[in-house]
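*Asks:* Below is the structure I would like to discuss, written out as structure tokens.
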Amino acid sequence: MTGNLPFVVCMVFVALGLWTLLAKRNLIKLVIGLTLIENGVNLFLVALGYVQGGAVPIYTYAPPGVRMVLPTPQALTLTSIVIGLATTALALAFVVVIWRHRGTLDARKVRELRG
Amino acid sequence: MSVVVRTIARILLPIVFAFGGYVIMHGHLTPGGGFQGGAVVASALALVLVAFGEASLKKYKDLLSALESLGGVAFVVLGLIGIPFTFFANVLAGVGGLFGQSVPPGPNPGYLNTAGTLPLMNWAVGLKVIAGLGSVVVLFGLFGGEDDR
Amino acid sequence: MKRWFVLAAFLVVAGFLVLLGTGMRPFGAPKAFEMDQYFIDYTQAEVAANNVVTAVVFDYRGYDTLGEATVLFCAVVGVALILRKVRR
């Protein structure tokens, strides 16, 4: 009997990512916070599509007579994962450029529009 | 890197490439597909970068961008094949020929020659993801290894 | 003062999120599944594929995958633009 505990876990994930974005100053840690939020949302989407006792929605050697979990949230989560990967790569490229030009990763010190 | 890392990478690389190709090729039968298999092969490219240095991948940069364009164009063309019906209509499924075998309903062992345009699209997207993530890895490696600040 | 304000705002938002999570339907009992049931029932007849997720990604929702490929391409172009060698 799990109730809706998995949804609460996903929300805690998102809240942790939000706290990372609010409290940390290192730019790498900010990117980690972004990916935490992404992973929380992805986990939430997959958890939405779960059916109690369901099998994987693939017919290769599927157990006969078992309900399958919903395939559409999984497909859209696949899309979401790739887009999150692309945004993470772009953010890390920005971090690399900032470290090159400023020599620091502190978000407080790169705030001024100088240089 | 050291000789231990290089030796292990030489042993491991064909296995990783073969596994990525397997995941892409069986995308319509087992868990996996173009994106996942492409990510596996791109991680193999990251292993090459770590083990052999960024100079070993520098000459493949143009090849990677060409592969990415080829994958994107192949994907759109495969979508356009079904344009007499709708965009992305699966006209090759169940009519015989290449990937045209129809599947029996219900659980089955899985036949490779099925699913119409899906395996071809898997290969197109896999090529695109390999080239895209591989060029990102190569760009990071080249930019970081140039000098110190 | 500012830190306390940030902490209070975060606690409000996080509490709201957790409250939303506890107020949802039970895990494992989706309410709207007619479209997914159609995909599960008719994938083998229409697409001739065993993997329903791949059928959804590449056939039923091909437009989404096209946009996703576009986003990936744009990200790679952006990384190549940012990380180019600057001549001084």
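*Asks:* Please go through segment B:77-100 and pick out each residue that is facing chain C (nearest Cβ under 7 Å) and at pLDDT 75 or above.
*Replies:* B:G79
*Asks:* Only one residue in C:V57, C:V6, C:V12, C:V79 is facing another protein chain (nearest Cβ under 7 Å) and either touching a His at 6+ places or on another chain (Cβ under 8 Å) or more than 21 Å from B:A42 (Cβ to Cβ) (or both), so which one is that?
*Replies:* C:V6
*Asks:* Quick one: C:Y38 ticks every box in (1) closer than 22 Å to B:V91 by Cα; (2) more than 10 Å from chain B (Cβ to nearest Cβ); (3) open to solvent by less than 40 Å² (accessible area, probe 1.4 Å) except a single one, so which number is it?
*Replies:* Condition not satisfied by C:Y38: (3).
*Asks:* Does A:T77 satisfy the condition of being at pLDDT 85 or above, in a helix (DSSP H, G or I) and closer than 30 Å to B:P104 by Cα?
*Replies:* Spelling it out, A:T77 is indeed at pLDDT 85 or above, in a helix (DSSP H, G or I) and closer than 30 Å to B:P104 by Cα.
*Asks:* Within segment B:70-86, track down each residue that is open to solvent by less than 80 Å² (accessible area, probe 1.4 Å) and out of contact with any Leu (no Cβ under 6 Å at 6 or more places or on another chain).
*Replies:* B:G72, B:A74, B:F75, B:V76, B:V77, B:G79, B:I81, B:G82, listed by residue number.
*Asks:* Can you tell me which residues in segment A:9-36 are within 14 Å of the chain's Cα centre (by Cα) and within 11 Å of chain C (Cβ to nearest Cβ)?
*Replies:* A:V9, A:C10, A:M11, A:V12, A:F13, A:V14, A:A15, A:L16, A:G17, A:L18, A:T20, A:L21
*Asks:* Right, something else. Is it the case that segment B:47-63 has a residue that's surrounded by fewer than 19 Cβ atoms within 10 Å (Cβ to Cβ), within 11 Å of chain C (Cβ to nearest Cβ) and at pLDDT below 80?
*Replies:* The answer is yes, given that some residue of segment B:47-63 is surrounded by fewer than 19 Cβ atoms within 10 Å (Cβ to Cβ), within 11 Å of chain C (Cβ to nearest Cβ) and at pLDDT below 80.
*Asks:* Could you list, in sequence order, all residues of segment B:115-139 that are buried (at least 24 other Cβ atoms within 10 Å of the Cβ), of a type outside the set (G, A, S) and over 30 Å from C:R84 (Cβ atoms)?
*Replies:* Correct list: B:T117, B:L118, B:P119, B:M121, B:N122.
*Asks:* For segment B:87-114, how many residues are under 17 Å from B:T30 (Cα atoms), within 25 Å of the chain's Cα centre (by Cα) and surrounded by fewer than 16 Cβ atoms within 10 Å (Cβ to Cβ)?
*Replies:* 3
*Asks:* What's the total number of residues in segment B:68-116 that are aromatic (F, W, Y) and either outside any loop (DSSP other than H, G, I, E, B) or within 21 Å of A:Y59 (Cα to Cα) (or both)?
*Replies:* 3
*Asks:* When segment C:41-51 is examined, which residues are found to be open to solvent by 10 Å² or more (accessible area, probe 1.4 Å) and either facing another protein chain (nearest Cβ under 7 Å) or of a type outside the set (D, E) (or both)?
*Replies:* Hits for segment C:41-51 are C:Y42, C:Q44, C:A45.
*Asks:* Filter segment B:36-54 down to the residues that are touching a residue at least 40 places away in the same chain (Cβ under 8 Å) and assigned to a helix (DSSP H, G or I) and list them by number.
*Replies:* Once the filter is applied, which keeps residues that are touching a residue at least 40 places away in the same chain (Cβ under 8 Å) and assigned to a helix (DSSP H, G or I), segment B:36-54 yields B:G37, B:G38, B:A39, B:V41, B:A42, B:L45, B:A46, B:L49, B:V50, B:A51, B:F52, B:E54.
The values are calculated or read from the model by the stated rules, or taken from the named source; none is laboratory data. Remember, predicted model here, so these are calculated numbers, not experimental data. Reconstructed Cβ throughout: ideal geometry from the backbone, glycine too, with neighbour counts over all protein chains shown. Please note that ligands, DNA and RNA were not included when accessible areas were found on the heavy atoms of the full protein model with its side chains. Shrake-Rupley method; radii C 1.70, N 1.55, O 1.52, S 1.80 Å.
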